[in-house]
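To start, the structure under review is shown below, and the notes come after it.
The values are calculated or read from the model by the stated rules, or taken from the named source; none is laboratory data. Keep in mind that what you see is a predicted model, and the values were worked out from it rather than measured. FYI the Cβ positions are ideal-geometry reconstructions off the backbone, even for glycines, and counts take in every protein chain you see. Just so you know, the surface numbers come from the protein's heavy atoms only, side chains and all, with ligands and any DNA or RNA stripped out. Shrake-Rupley method; radii C 1.70, N 1.55, O 1.52, S 1.80 Å.
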Amino acid sequence: MQPMSAAEIRERFQRFFEERGHTRVPSAPILASDDPTLLFVNSGMAPFKRVLTGEEKRDYVRAVDSQLCLRVAGKHNDFEEVGRTPRHQTLFEMLGNWSFGDYFKREAIHWHWQLLTEEFAIDADRLAATVYTDDNEAYAVWSDEIGLPADRIVRWGNISTGDEKNFWRMGDTGPCGPCSEIHYDRGAHLSEGPECIPDHSEHCPRWLEVGNLVFMQFARAADGSLTPLPMQSVDTGTGLERLASVIQDVDSNYRTDLFVPIIDRLAQFIGHDPGTVASERFSYQVVADHSRAMTFLLAEGVKPSNEGPGYVLRRIVRRAVRHGRLLGIRGPFLRETSAVVIDLMGDAFPHVAERREDILDAIGAEEEKFARTLEAGSARVDELVAAGEAISGADAFRLHDTFGFPIDLTVEIAAERGVAVDRAGFDAAMAEQRDRSRGAKRVGFTMNAEIAAMRSEFIGYPNETSADDLRVLAVVPGAVVLDRTPFYAEGGGQIGDRGELIGVNGRLRVEDAQRAGDAIVHLGELAGSLAVGDAVRAEVDERRRWGAARNHTGTHLLHRALRDMLGEQAKQSGSWVGPEGLRFDFPAQAATPREALREVERLVNAQIRRNAAVRPEMMKMEDAQALGADMFFGEKYLPESVRVVQIDGYSKELCGGTHVAATGQIGQFVITGESSIGAGLRRIEAVTGEAATEFVADRMEALRSTAGLLGEREENVPKRVEALLARLREAEKAAKAPSASTKRLDAAAALHGAQDAGGAKVVIQTFADADANALRELADDLRGMTGRFVAVLGGASDGKPSLLVAASRDLAAEGFDSGSIVRDAAPIIGGGGGGRPDLAQAGGRDASRLDEALREAGRLALEALKRIESA
């Protein structure tokens, strides 16, 4: 009988609670875009935080979900543990059921017991529970109602002494309460002694936590005192990977069907048998885990970069590449493992399957980019480790800056050799670089939890640009929060409004508006003073607002026209909407043909001339889906309330931005450019209204001026320019053509006279009349004709000496450095030079000493080969 699959476990968990009155809620995006305290969602609770605190209301009081979580940064960071233990992953799914002021301890305990022992048929005799020390209510349910023996109920925790086991809190203050965990006994043979009991040692292999029931019943004050909450809630979490390991009866999350297909595909790709896989399990598990994490980050539109989520993605990809090298892989391979992830998870998370090709192309590009520097960077790490001393922060930073080595990769490689890394020194160097690159920056505002807990009502629809009697909720340096505001906060691709807040004693020149949770933060420079409780008048820059509204509606028209022209796969992958213009990003493997762009432009302008009504409307998510409205993964949508913007008879999109009342108000739409912004991603730029009129006028004036210079009619300019370019190309071709006396150096003859050293062919030779270009051509010919080789070449065309050292790329990867040899030998001819490890050149002034320089370069090259051979 086949064990229950993880996909079935996920479905049966959610269906179990749906049958008990819970609303199924889709997984929120991993990117925690609306929580200033998080980079990524790292727990099942994170998307419901404001509901649990009572700040946000939803139209259900019971929920069930399977939330994707990522733990690679901050307090909850499992990055270093991944692959080393059977329980840790960067990406995992947290199955959860929730009660917001509805049921409490008794129902939560009974349902989870029923779920585990009946729905999933887990042996009740192998389950144990923990409760908080004085939570007699939960203890009584387990003991008296479930019938769990006393020796399988453990009391732990005492927050008054700092022991927070079995007690959960959201922060230093706020909602908190006792927990009850459910643990699975994997067998007494795995016990590591008397301390190996549920919840007492998280590394005890005998007990595996398969459920955590959190009972939020108190509010914690700053002095640590607890008072009962008016709304008591339940927050439960069950890791899908751990639960699957129990139900599938395996000893590791990595042996479940969530990971085995990835590992099997990798072993097949390499050609490893099961015994080799077992001996290299650490690296296999790292690659399998990281393949999942990178796939889902890319599916949400994260791109590899050197900051924020993009840097985390880059770290994950590069650590996976490094472990691929440890497994013996020299070429690209992550597309293979990521494709398996998409196959495994695409049904449960359709946005991953929809972006399949974009994800695979992005992974391939990042893997190829890192592969070019991995060997050289690894060699440099080896040199530092060989010194036997701690790697300094400056050296670690150079590895990051020069070779693209994330710090955790350096730490991992060094730790394998027993060498420490000065992490504090690295962080200081990184901070210094950020300060340099940041330069002078306008006054900013750091989002914080206190501001994020406030709520501002946006009163700027449809295009209201002023309002009186608005109350100040908070004033901090550079920022003001109001109870109501007509200022649009940046979101959905549209930039924030500018304008002024005017009070009796001061005014804020608003340079931007941003969201922090449900608060709208007005950023800018304050003249005079504003205080909490003050009444102010808000005046939005009307010209900018209307420009943004025209461009936002234009973006919707462009999106629809583009999909009509290129196909439904041309979905929005990102956008920027401002008063000056718009940018629209979409997946595509090739440039959009000019004819297609002209047709898209024509379609949009036809809708503008139609003057179609633009109708925003609030509705439930299910109604929006039934309507066929376009929606985009990564945006935050509440199931009970979404805003749909309809352009009559043409477009329907979920959108919170500002728009014109009818398409005719856009005036005109002109595409100004189309370009690549990364592998599999294109960008269209466009302008509308007055900007479109000015753009066309400027281009017409440029055309008229060009026609005047050429002495041609405007319509004949392209043909005349084409004829002139053809003549120019012919002239350049003639100028570059070799003269009859020019002769290519004979690579075959050079190889015939080569010596063998260190398993390589070594050519050391002078060519009297050869210049630098001829030497470089000879090096290229040698590279194409033989395998491992080193060439030390000299020439003296027109009395100017040239020196060149070249090596096959495999030798360069092993430590041969042509650049250092050239730098050492070039002074002999009175010159200097350098280059890459596989090719370097120098010029000089003293041709009489060329043979001497060649002998020195040859000696250094042979010594380098000898070192490589003996290594």
Practice problem: With the cut-off at 20 Å, report for the stretch 4-62 the share of all Cα pairs above it, as a whole percent. | Solution: 40
Self-check item: Listed residues 522, 272 arranged by accessible area, highest first, probe 1.4 Å
Solution: 272, 522
Practice problem: For residue 498, enumerate residues with amide H under 5 Å from its amide H, sequence gap 5+ or separate chain, H modeled in the peptide plane. | Solution: 541
Practice problem: Using only Cα atoms, find the angle between the long axis of helix 260-270 and the longest principal axis of the chain, and express it within 0 to 90 degrees, rounded to the nearest 10. | Solution: 10
Quiz item: What's the angle, to the nearest 10 degrees (0 to 90), between helix 6-18's Cα axis and the longest principal axis of the chain?
Solution: 30
Self-check item: Phi to ³J(HN,Hα) by Karplus 6.51 cos²θ - 1.76 cosθ + 1.60 over the stretch 687-699, Hz, x for Gly, Pro
Solution: 10, 9, x, 4, 4, 5, 4, 5, 4, 5, 5, 5, 5
Exercise. Compute the relative contact order of the stretch 569-635 as a whole-number percentage, counting only Cα pairs closer than 8 Å that sit 6 or more residues apart in sequence.
Key: 21
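What length, rounded to one decimal in nm, is gained on full extension from residue 852 through to residue 589, with 0.36 nm per residue of separation minus their alpha-carbon distance? It would help to have the intermediate numbers written out before the result.
Values: separation 263, 0.36 × 263 = 94.68 nm, distance 5.37 nm.
Full-extension gain reported as 89.3 nm.
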Practice problem: Quick one: dipole size for the chain, taken about the Cα centre, charges +1 on Lys/Arg Cβ and -1 on Asp/Glu Cβ, in debye to the nearest 20. | Solution: 2540
Quiz item: In this model, which of 303/733; 369/571; 57/165; 369/733 are farther than 32 Å apart at the alpha-carbon?
Solution: 303/733; 369/733
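Using only the Cα atoms of the stretch 157-311, build the gyration tensor, take square roots of its eigenvalues as a ≥ b ≥ c, and label the shape rounded, prolate or oblate: rounded if a/c is under 1.5, else prolate if a/b is larger than b/c, else oblate.
On the way: a/c = 2.72, a/b = 1.54, b/c = 1.77.
The shape class here is oblate.
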Quiz prompt | Under-5 Å amide H pairs with residue 662, H placed in peptide plane, nonlocal only | solution = 614
Exercise. Kindly express, to the nearest 10 degrees and within the range 0 to 90, the angle between helix 334-345's C-alpha long axis and the longest C-alpha principal axis of the chain.
Key: 20
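The stretch 530-609: which GluC sites (Glu not before Pro) are DSSP loop and have at most 15 other beta-carbon atoms within 10 angstrom? Spell out each step's value before the answer.
Details: sites: 539, 542, 568, 580, 595, 599, 601; in loops: 568, 580.
Listed in order of number, the matching sites are 568, 580.
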Self-check item: With DNA, RNA and ligands ignored, accessible area of residue 145 (1.4 Å probe; Å², nearest 10)
Solution: 80
Quiz prompt | the chain - Cys residues lacking any other Cys C-beta under 4.7 Å | solution = 69, 176, 179, 655
Quiz item: Whose amide H sits under 5 Å from the amide H of residue 512, counting only residues 5 or more places off or on another chain, with H placed in the peptide plane?
Solution: 523
Quiz item: When only alpha-carbon atoms count, how far does the stretch 300-403 stretch along each of its three principal axes, as whole angstroms with the largest first?
Solution: 51, 31, 20
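How large is Rg/Rh for the stretch 516-585, to two decimals, with Cα atoms and a Kirkwood Rh?
Values: Rg = 18.0 Å, Rh = 15.3 Å.
Over the Cα atoms of the stretch 516-585, Rg/Rh equals 1.18.
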Quiz item: Please identify the GluC sites (Glu not before Pro) of the stretch 184-273 that satisfy two criteria: DSSP loop assignment and at most 12 other Cβ atoms within 10 Å. Which are they?
Solution: 192, 195, 202
Quiz prompt | Binned Cα-Cα distances of the stretch 1-159, short to long, each 5 Å bin given as a whole percent | solution = 2, 7, 13, 15, 18, 20, 16, 7, 1, 0
Quiz item: Under a point spin-label approximation (7 Å from Cα along Cα-to-Cβ), what is the residue 226-residue 417 distance to one decimal in nm?
Solution: 5.1
Quiz item: Given 10 °C and 1.306 mPa s, how large is the Stokes-Einstein diffusion coefficient of the chain in µm²/s, with Rh as the Kirkwood radius over Cα pairs?
Solution: 49
Practice problem: Beta carbons within 10 angstrom, averaged per residue: use that to sort the peptides 689-699, 297-307, 247-257, highest first. | Solution: 297-307, 247-257, 689-699
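Quick one: compute the contact order of the stretch 110-161, relative version, from alpha carbon pairs under 8 angstrom and 6+ residues apart, as a percent.
On the way: 39 pairs, mean separation 19.7, N = 52.
That works out to 38 percent.
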Quiz prompt | By average C-beta atoms within 10 angstrom, highest first, the peptides 7-17, 218-228 | solution = 7-17, 218-228
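Applying 1/(1 + (r/R0)^6) with R0 = 22 Å to the Cβ-Cβ distance of residue 392 and residue 432, what FRET efficiency is obtained, to the nearest 0.05?
On the way: r = 14 Å, r/R0 = 0.65.
The value I calculate is 0.95.
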Exercise. With a Förster radius of 30 Å, plug the Cβ-Cβ distance of residue 164 and residue 121 into 1/(1 + (r/R0)^6) and report the FRET value to the nearest 0.05.
Key: 0.35
Self-check item: Spin-label model distance (nm) - residue 866 vs residue 576, 7 Å beyond Cα toward Cβ
Solution: 5.8
Quiz prompt | Within the stretch 107-190, chymotrypsin sites (Phe, Trp or Tyr not before Pro) in DSSP loop having at most 11 other beta-carbon neighbours inside 10 Å | solution = none
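In square nanometres, what is one fourth of the surface area of the convex hull spanned by the alpha carbons of the stretch 803-870? Intermediate results must be reported in sequence, preceding the final value.
Working: hull surface 14.9 nm².
Here the figure is 3.7 nm², rounded to one decimal.
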Quiz item: Stretched out fully, how many nm does the piece from residue 343 to residue 2 gain, at 0.36 nm a residue minus the Cα gap?
Solution: 120.8 nm
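Under the Kirkwood approximation applied to all pairs of distinct alpha-carbon atoms, what is the hydrodynamic radius of the stretch 49-137 in Å? The partial results should precede the final answer.
Working: mean 1/r = 0.0614 Å⁻¹.
Over the stretch 49-137, the inverse of the mean reciprocal pair distance is 16.3 Å.
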Quiz item: Using θ = phi - 60° and the Karplus form 6.51 cos²θ - 1.76 cosθ + 1.60, what ³J(HN,Hα) does each residue of the stretch 315-323 get, whole Hz, x for Gly and Pro?
Solution: 4, 5, 4, 6, 5, 5, 4, 4, 6
Practice problem: Counting only C-alpha contacts under 8 Å and six or more residues apart, can you give the relative contact order of the stretch 528-679 as a whole percent? | Solution: 27
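So what's the net charge close to residue 577: Lys and Arg +1, Asp and Glu -1, counting the other residues with Cβ under 13 Å from its Cβ? The partial results should precede the final answer.
Values: positive: 544, 545, 550, 583; negative: 490, 497, 580, 585, 653, 685.
Around residue 577, the surrounding residues sum to -2.
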Quiz prompt | Rough spin-label spacing in nm, given labels placed 7 Å along Cα→Cβ, for residue 768 and residue 279 | solution = 6.0
Quiz prompt | ³J(HN,Hα), Karplus 6.51/-1.76/1.60, whole Hz, each residue of the stretch 291-296, x for Gly, Pro | solution = 4, 5, 4, 5, 4, 6
